[in-house]
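Engineer: Please see the structure below; I have some questions.
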Amino acid sequence: MENEPLMTVFVTGATSGFGKAIAERLVHEGHRVIAAGRRKERLDALHHHLGEHCLPFPLDMRDKGALRALPSSLPESWRNIDVLINNAGLALGMTPAQDANVDEWETMISTNISGMVEITRALLPSMVSRNKGYIISLGSTAGTYPYKGGNIYGATKAFVKQFMQNLRTDLLGTPIRVTNIEPGLCGGSEFSQIRLKNAQQAEAVYQGTEPLLPEDIAETVSWLLSLPPRMNVNRIEIMPVCQASGGLAVHRGPLE
């Protein structure tokens, strides 16, 4: 850690799960990490754990003003961001669309889509002007494979996938790389607890399985950052061995 940091990385949703694991992994590998999230006390604890190469940065992904103020609101020595990791996101509920809570839909859209778009747009011009950068977003297999109750969450992740593909096209002719990571069943985070608002139901999601872990996603990010600059991984879909796509479903009997 006495050497100069390799890269400056901005990680959203760094207070738990994927974001926290990514921040820890990258700092230990010699990078500087701006750890962003809503829960300041968790960010401060992460900074205490990781040291001076971790900058805690309170940020709400639904605050358009704060997102548009980036990077000028960062300390000057942290403004040249080499890597943006769009990790912040959430799922709420498993209710069929006709019975769903529209406020929960709006929260998912404003966080998973609007927040991701805003921060990407805020930080991208600096990358283009410096002719250097990498944008990595956390999508989901839910953006490819539909499932009951996945409605808006799956749609937001489909948006992330398509946005990243179009972003890569816009950036053709620059050295800036773009990757969408699409995990399947993954435990070890708050994802299911936030979605279901019930600890027992959340635990049941992973019962009898060996899901992916946040450390596996951090491993993937580390690998991507280690690749030669000539390589761009457009998208990477990751599932645990215990999971596979289920194929098409057929309803038998009368429709009710």
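The values are calculated or read from the model by the stated rules, or taken from the named source; none is laboratory data. Because the structure is a prediction, the values reported are computed rather than measured. Glycine also receives a Cβ, built like all others from the backbone with ideal geometry; neighbour counts cover every protein chain displayed. Only protein heavy atoms, including side chains, enter the accessible area calculation; ligands, DNA and RNA are left aside. Shrake-Rupley method; radii C 1.70, N 1.55, O 1.52, S 1.80 Å.
Engineer: Name the residue that is nearest to PHE191 (Cα to Cα), counting only residues in region 76-94 that are open to solvent by 50 Å² or more (accessible area, probe 1.4 Å) and out of contact with any strand residue (DSSP E or B) (no Cβ under 7 Å at 6 or more places or on another chain). Lay out the reasoning, then the answer.
Structural biologist: Taking region 76-94 first, the residues open to solvent by 50 Å² or more (accessible area, probe 1.4 Å) are 76-77, 79-80, 94.
Pick out the ones that are also out of contact with any strand residue (DSSP E or B) (no Cβ under 7 Å at 6 or more places or on another chain) and you get 76-77, 79, 94.
Working: GLU76: 34, SER77: 33, ARG79: 30, MET94: 13 Å.
Across region 76-94, the extreme among qualifying residues is MET94.
Engineer: Being more than 18 Å from the chain's Cα centre (by Cα) and among the small types (Gly, Ala, Ser) is the filter here, so list the residues in region 135-173 that pass it.
Structural biologist: GLY149, GLY173
Engineer: Let me ask something else about it. Do you know which residues across region 98-116 are in contact with a helix residue (DSSP H, G or I) (Cβ under 7 Å, 6 or more places away or on another chain) and open to solvent by less than 50 Å² (accessible area, probe 1.4 Å)? Explain how you work it out, then say what you get.
Structural biologist: Step one: list which residues in region 98-116 are in contact with a helix residue (DSSP H, G or I) (Cβ under 7 Å, 6 or more places away or on another chain), which gives 100, 105, 108-109, 112-113, 115-116.
Within region 98-116, ALA100, MET108, ASN112, ILE113, GLY115, MET116 meet the criteria.
Engineer: If you don't mind, there's one more thing I want to ask. Counting only residues that are of a type outside the set (A, V, I, L, M) and touching a Pro at 6+ places or on another chain (Cβ under 9 Å), give me the strands (runs of 3 or more DSSP E) lying completely in region 1-90 with at least 1 of them. Before you say what the answer is, go through the steps one by one.
Structural biologist: Values: elements: 8-11, 32-37, 54-58, 83-86.
Qualifying strands (runs of 3 or more DSSP E): 8-11, 32-37.
Engineer: Kindly provide the set of residues from region 128-161 that are open to solvent by less than 20 Å² (accessible area, probe 1.4 Å), out of contact with any strand residue (DSSP E or B) (no Cβ under 8 Å at 6 or more places or on another chain) and of a type in the set (A, V, I, L, M, F, W, C), ordered by number.
Structural biologist: ALA142
Engineer: Can you find a residue in region 122-139 that is modelled with pLDDT of 95 or more, charged (D, E, K, R) and within 30 Å of GLY208 (Cα to Cα)?
Structural biologist: No, that holds for no residue.
Engineer: Please find, among THR169, THR220, THR209, the residue that is in contact with a Leu (Cβ under 9 Å, 6 or more places away or on another chain) and over 25 Å from VAL102 (Cα atoms). I'd like the intermediate steps shown before the answer.
Structural biologist: Values: THR169 fails: in contact with a Leu (Cβ under 9 Å, 6 or more places away or on another chain); THR220 fails: in contact with a Leu (Cβ under 9 Å, 6 or more places away or on another chain).
The unique qualifying residue is THR209.
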